[in-house]
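Only one structure is covered here, and it is reproduced in the block below.
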Amino acid sequence: MEGDSEIAQILLPPHAMAKGGNDVIYAWLARYQAAKSRGEDVVNGTIGALLDDDGELILNPIVGQVLNELTDVDKGAYSPLPGLPEFRETAQKLAIGPKLQQLRNLGLETEAVASPGGCGALYLSARNLLSSSDSILVRSTYWGPYKTIAEECGLNLVDWPLVSESSNDNSVVDRTILSDRIKSLVSSQGRILAWLNDPAHNPTGMSLNAQERAEVLTCFVDAAKQNPEAGFTLLLDTAYALYANEPHGWTDTVIEFIDDWPSNLLLCWAFSASKSHTIYGLRCGALVMAHPSREFVDRMVPMLVHTGRGTWSGSPRMPQAMVSTIHNSGELEPSWDAIRGGLSEMLVQRRRLLLDAGKGLPFDPSHDGYFAHISDPNPVELCEAIAERGVYVVPLSKGVRIGVCSLPTNKAARAGEAIADAWRSLGRSED
Ligand SMILES: Cc1ncc(COP(=O)(O)O)c(C=O)c1O
């Protein structure tokens, strides 16, 4: 009998052999849990889900109630392949916001296809808006699975800076580098697909302001006008938007540009209900599209359904039915929203406590959502030093991610102090 690695080589082709799981978050969660079970006084900042101040997972109770009351058909039947019609409309309302009708009246046609979470929507875009071996344009710090999705689709990533290093204006957007990247992708592949995780970026919590959004959109609109033979898709990954101060700021920005919208520019949203409705495991999302041509957005639907059919078949029906029931009810929607608003407030409070206690540390810009991030040349070393102080956070490739969503409010300041203390103990220099 051959050894395990020889068997793997016989059974697995090289492209599959190269794949590996990403269990760093679970590994650090397990360390927190082990320390807790030893009776140590420890703080959990590892998880990417909302936990209450006792460390229990939060399920919005309106969501729980509506799920329990669904009909047997909604519990057990398949969903239509593009998604339940009422869910497809609701997903557009939630992604684009209260100005959806205004956006349509001003000339953008919109559509949506259900997907298993925002991740499914990202996958649909990767599969259909580029050719294999092309590159997706992302920012320099991004959610790790972006790379995994790209690899699964035979694509690469090209990045532009999350935060501009040029100090001559007060914007985080480096327009020169963004435009250069777009230009070089236009000449190398003729089509651009950009994923922009905003507002409430994972892992930093950064949100672009109105001026910065307009700067980004200007780069895309200008490039689209200058290159009418090239195709441009700007996809907004809004997974955490409903916990941001401006959940639908992008819609306001888009409205400013609508009059002169180039037909070779498609705008998409990767809508996710995972965080907004606290249903991470139910796999509910949609790819939402906006473009001046009705014919074009209609044409996208069977194409995206084909990818879904050949990958996950249909999307789960139960969460779609639940989300559309809530948002088509004059009673349920405000109750759901009041709870969502309270959770948002809790995140604001935890973030403030964490950042105040860690004043002076080089946190990346951090405004909204589930996370905060501190860039560091040796994230594992820093996490070890933080863990020595009883606080567990996660080392990513460029720094340390703090799950504001999982920190108990009364321990958020202690987490900030532990990070500051660990950071100084390692001789890191102040900004
Ligand atoms: C940046 C970002 N985008 C998209 C998603 C998609 O989440 P889901 O597929 O659960 O909707 C996540 C989830 O963690 C995320 O962090």
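Okay, here's what the table says:
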{"quantity": "Neighbour net charge for SER344 - beta-carbon separation under 15 angstrom, K R +1, D E -1", "calculated": "0"}
{"quantity": "Subset of LYS36/LYS275; LYS36/LYS398; LYS183/LYS225 violating a 21 Å alpha-carbon distance limit", "calculated": "LYS36/LYS275; LYS36/LYS398"}
{"quantity": "In sequence order, calculated HN-Hα J values of region 322-334 (Karplus, 6.51, -1.76, 1.60; Hz; x Gly/Pro)", "calculated": "5, 4, 6, 4, 4, 7, 10, 10, x, 9, 5, 4, x"}
{"quantity": "Helix-derived mean residue ellipticity, 222 nm - over the chain, DSSP H n ≥ 4, -39500 (n - 2.57), to 500", "calculated": "-14000 deg cm²/dmol"}
{"quantity": "Cα gyration tensor category, rounded, prolate or oblate, for region 1-121 with a/c compared to 1.5", "calculated": "oblate"}
{"quantity": "Global form of region 133-199, assessed from the alpha-carbon gyration tensor, a/c cut-off 1.5", "calculated": "oblate"}
{"quantity": "Long-range HN-HN contacts of TRP160 with modeled amide H, under 5 Å", "calculated": "VAL138, ARG139, SER140"}
{"quantity": "Estimated FRET transfer efficiency when R0 is 25 angstrom, pair GLU333-SER263 (beta carbons, to 0.05)", "calculated": "0.10"}
{"quantity": "Amide proton proximity set for ASP237, modelled H, under 5 Å, gap of 5+", "calculated": "LEU196, ASN197, ASP198, ALA270"}
{"quantity": "Karplus-derived HN-Hα couplings along region 308-313 (A = 6.51, B = -1.76, C = 1.60, θ = phi - 60°), whole Hz, x at Gly and Pro", "calculated": "x, 4, x, 10, 10, 6"}
{"quantity": "HN-Hα J in Hz across region 361-366 - Karplus 6.51, -1.76, 1.60, θ = phi - 60°, x for Gly and Pro", "calculated": "7, x, 4, 5, x, 9"}
{"quantity": "Over region 1-137, relative contact order from alpha-carbon pairs under 8 Å, at least 6 apart, %", "calculated": "12 percent"}
{"quantity": "Share, in percent, of DSSP beta bridges within region 80-315 that are antiparallel, nearest 5", "calculated": "40 percent"}
{"quantity": "Within region 150-228, GluC sites (Glu not before Pro) in DSSP loop having at most 12 other beta-carbon neighbours inside 10 Å", "calculated": "GLU165"}
{"quantity": "DSSP bridge pairs, the chain: antiparallel proportion in percent, nearest 5", "calculated": "50 percent"}
{"quantity": "Relative contact order [Cα under 8 Å, 6+ residues apart], region 80-315, whole percent", "calculated": "31 percent"}
{"quantity": "In region 26-129, the chymotrypsin sites (Phe, Trp or Tyr not before Pro) that fall in loop regions by DSSP, at most 14 other Cβ within 10 Å", "calculated": "TYR78"}
{"quantity": "P(r), alpha carbons of region 332-417 - 10 Å bins starting at zero, rounded %", "calculated": "18, 48, 23, 9, 2"}
{"quantity": "Selection of GluC sites (Glu not before Pro), region 285-373, meeting DSSP coil and at most 15 other Cβ within 10 Å", "calculated": "GLU331"}
{"quantity": "Paramagnetic label zone (point 7 Å from Cα along Cα-to-C-beta, SER293; backbone N under 20 Å) in region 242-258", "calculated": "258"}
{"quantity": "Efficiency of FRET from Cβ geometry, ILE255 and SER188, R₀ 35 Å, rounded to 0.05", "calculated": "0.60"}
{"quantity": "The chain: most fluctuating residue of HIS367, HIS306, HIS327 per GNM, C-alpha cutoff 10 Å", "calculated": "HIS306"}
{"quantity": "Cα-based shape type of region 115-253, given that a ≥ b ≥ c are square roots of the gyration tensor eigenvalues and the cut on a/c is 1.5", "calculated": "oblate"}
{"quantity": "Projected label distance in nm at ALA16 and ASP41, using a 7 Å step from Cα toward the beta-carbon", "calculated": "5.2 nm"}
{"quantity": "Pairwise FRET efficiency - LEU59 versus ARG352, Cβ, R0 = 30 Å, nearest 0.05", "calculated": "0.75"}
{"quantity": "The chain - percent relative contact order, Cα under 8 Å, separation 6 or more", "calculated": "25 percent"}
{"quantity": "Approximate shape of the chain as ellipsoid semi-axes (Cα gyration tensor, √5λ), whole Å, largest first", "calculated": "33, 27, 25"}
{"quantity": "For region 80-315, average projected area of the Cα convex hull in nm²", "calculated": "11.8 nm²"}
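Values in this text are rule-based calculations from the coordinates and carry no lab data. Note that this is a predicted model, so its numbers are computed, not measured. FYI the Cβ positions are ideal-geometry reconstructions off the backbone, even for glycines, and counts take in every protein chain you see.
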